[in-house]
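Below is the structure I would like to discuss, written out as structure tokens.
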Ligand SMILES: NC(=O)c1ccc[n+]([C@@H]2O[C@H](COP(=O)([O-])OP(=O)(O)OC[C@H]3O[C@@H](n4cnc5c(N)ncnc54)[C@H](OP(=O)(O)O)[C@@H]3O)[C@@H](O)[C@H]2O)c1
């Protein structure tokens, strides 16, 4: 796909990893529809930075937990601009073990981290019908490895990995669907030991923002015969 002049919808695109992805797209000449939930001022700031890179940008607000409203969100985003790229980045990451998780916690993780990406992909595929499109799901090295912390998060990402492969088959040949499984990119916003977090990373360091951006652009424009792939950008964390 020649990215120049294309448009992408990035969920949770206002800040942190979503902002890295939005700016990488803008640098590649892609217009960006920035979805946000509650971070309106960060979304406005990112929109300004995206536009400074010479492309167009729009904001779309929606609570991804309200899954019955997501068809409407696709409509609103489409009215900003038809888009050829969907990046499902938004997620919640709560430190819940098997014994702490309740039904509401479980459902909240599944709604935001799995059902929302599915419904947005479904709406996108219906809109784009017959044309070339790309879906990128942002995963985690935990998606393919058993862990005992962040249990509902991990299960939701494992299911999103399964969804990535299933949709790659279902939406071929027009739309490719790939996942980027991240490792230590940014410390969780709720704190945590930043040194301990990279102790188990073979690369021994945090990822650089541009390494994440380059992976995204490669999957969108370079890896045109690749679909259903889970591409790890985790310094080897999933291997050990
Ligand atoms: N940070 C890392 O090093 C790392 C590592 C592995 C995987 N990842 C993955 O990378 C992605 C981004 O991570 P991050 O660290 O940047 O996450 P984050 O700081 O927790 O941000 C989460 C994003 O999701 C959005 N979001 C959450 N709940 C929402 C809801 N109910 N409705 C609408 N938007 C909602 C937030 O939007 P608002 O703030 O606007 O509400 C925010 O933009 C996630 O998929 C995560 O699993 C990150």
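The values are calculated or read from the model by the stated rules, or taken from the named source; none is laboratory data. What you are looking at is a predicted structure, and each value in this text was computed from that prediction instead of being measured. Glycine gets a Cβ as well: all are built from the backbone with ideal geometry, and neighbour counts include every protein chain shown.
Using the structure shown, decide if residue 97 is at negative phi, surrounded by 19 or more Cβ atoms within 10 Å (Cβ to Cβ) and in contact (Cβ under 8 Å) with a residue 40 or more places away in the chain.
No.
On to the next question. Could you check, for the stretch 172-182, whether at least one of its residues is crowded, with 23+ Cβ neighbours inside 10 Å, away from the ligand (no atom under 16 Å from the Cβ) and within 26 Å of residue 236 (Cβ to Cβ)?
Within the stretch 172-182 (the criterion being crowded, with 23+ Cβ neighbours inside 10 Å, away from the ligand (no atom under 16 Å from the Cβ) and within 26 Å of residue 236 (Cβ to Cβ)), the answer is yes, since at least one residue qualifies.
Go through 77, 116, 91 for me and flag whichever is within 11 Å of the ligand (Cβ to nearest atom), assigned to a helix (DSSP H, G or I) and in contact (Cβ under 8 Å) with a residue 60 or more places away in the chain.
116
When you scan the stretch 208-237, how many residues do you find that are assigned to a helix (DSSP H, G or I) and within 11 Å of residue 184 (Cα to Cα)?
Total meeting the criteria: 3.
Table: residues versus (1) surrounded by 13 or more Cβ atoms within 10 Å (Cβ to Cβ); (2) in contact (Cβ under 8 Å) with a residue 60 or more places away in the chain; (3) within 12 Å of the ligand (Cβ to nearest atom).
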site	(1), (2), (3)
187	yes, no, yes
203	yes, no, no
207	yes, no, yes
212	yes, yes, yes
217	yes, yes, no
223	yes, no, no
230	yes, yes, no
233	yes, no, yes
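Residue by residue through the stretch 115-157, note down the ones that are modelled with pLDDT under 95 and under 15 Å from residue 230 (Cα atoms).
Answer for the stretch 115-157, where residues must be modelled with pLDDT under 95 and under 15 Å from residue 230 (Cα atoms): 142, 143, 144, 145.
Matching residues to (1) surrounded by 20 or more Cβ atoms within 10 Å (Cβ to Cβ); (2) away from the ligand (no atom under 16 Å from the Cβ):
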{"residue": "1", "(1), (2)": "no, yes"}
{"residue": "6", "(1), (2)": "yes, yes"}
{"residue": "13", "(1), (2)": "yes, no"}
{"residue": "22", "(1), (2)": "yes, no"}
{"residue": "29", "(1), (2)": "no, yes"}
{"residue": "34", "(1), (2)": "yes, no"}
{"residue": "59", "(1), (2)": "no, no"}
{"residue": "86", "(1), (2)": "yes, no"}
